[in-house]
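Shown next, in structure tokens, is the structure this report addresses.
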Amino acid sequence: MSTALITLKIDTEQDVLRLRFIAMAITKALQFGTFSQTRAVTALLEAARNAQQHASVGRVRLSLQEHGNKVAMRAIITDQGPGIDGLDDILRGRRGGVAPGPGLGLGLRGLSRLSDHHAIRSGPEGTEIELLFLSPVNSDGMIAAAQAATDAISKIRDADPVAELAEQNRVLLEALTERDLLMKEVHHRTGNNLALIGALIRMSRRGAEAPETVSVLSDLEARVQSVIRVHEQLQRSARVDHLQALPFLQEVAANAEGAFSSEILKVAVSVRGDDIEIPSSMAIDLGLLTGELLTNAYKHAFVGREQGNILVELTEQDDALQLVIADDGHGLAEGDARPERSGSLGWRMIRSMVGKYAGTTEVDGSNGMRVQFTLPFAREHTDKSA
């Protein structure tokens, strides 16, 4: 039977001091004698200080477990340092019990004398030290001993609520940091997978002969590239679930220029507006909307011309985002079918994305083509000052 008590991060000397108070409280609750208590606390502090000093950060996990017919306090001290060079020599006393390089090592031979059981495992990925201290409490009193130890830890927390709050905040911050690292790795892997898909589409497009097939594959490649840009921006973003909209749209525009501009047609795309932080899911949709209309403009707006201009503008209006994609091309002639009612895949996709936000679409083809999307946007979810 085993009962977890507490896990402490050892980052500063203040953390070592907190460990001392908690270890003393637990050993007292377990009825350790004065000598046994001093021995256990000294061993814990020695191992914790080595982790903190030589590996920057360590962790101490304290628990109770049955060992034979006695209740024992078990401590696991871990770090992610470079490991202990020459561990066997250190334990045999050939180097005076002091590690010559970084990592745990100081006083390791002493730990074996201060504890009732010890085990040390070390390698390039870090070091783990296990220490066991037997109490005079019989194993049939395990439940009562666990309750007494838990109560002792609670009293320390209650005695210094400011320090406890600081510890909780630090643990929360660490958890958020780990989450952000994991999310960045997810975006990295997703981007790599999409890049592979994009490369396969590009290879298929180059091998296609029918103009219709080339056109469909080009459109598909542009859509995939828009999503790739989102994941690339999220990897660089300070927040893994939000990104700055303007730099992202600039990348989408640059990608379209690279894909469709040629010696025959030179089109300049400018991106301007409010630099707003938006959720990643919305960024994907904005990227697809922008990419789709840029593709349409390159294909249809400048037929018979050698150059043209396209504007992408994102602004915040009250509680909504306004995205405008406008070109100075041919626009719509009288009698032309309204593009927003088109049954093409691109416009069906556009209508679906705008509908998801309960947004609106306005199309003006009188002087070039101007498409404006108005999408409700809850600013409080992404406000940096929040």
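The values are calculated or read from the model by the stated rules, or taken from the named source; none is laboratory data. If you're wondering where the values come from, they're calculated on a predicted model, not measured in any experiment. All Cβ positions, glycine included, derive from the backbone under ideal geometry; neighbour counts span all protein chains shown. Accessible surface is based on the protein model in full, side chains and every heavy atom, while ligands, DNA and RNA are left aside. Shrake-Rupley method; radii C 1.70, N 1.55, O 1.52, S 1.80 Å.
Tabulated data for the structure shown
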{"item": "Region 242-275: GluC sites (Glu not before Pro) in DSSP coil with no more than 13 other Cβ atoms inside 10 Å", "result": "GLU263"}
{"item": "Of all accessible heavy-atom area on region 272-386, the percent that carbon and sulfur account for (1.4 Å)", "result": "46 percent"}
{"item": "In region 284-386, the trypsin sites (Lys or Arg not before Pro) that fall in loop regions by DSSP, at most 13 other Cβ within 10 Å", "result": "LYS384"}
{"item": "Region 7-70 - percent of accessible surface contributed by carbon and sulfur, probe 1.4 Å", "result": "49 percent"}
{"item": "Probe 1.4 Å, accessible area per residue of region 254-386, Å²", "result": "51 Å²"}
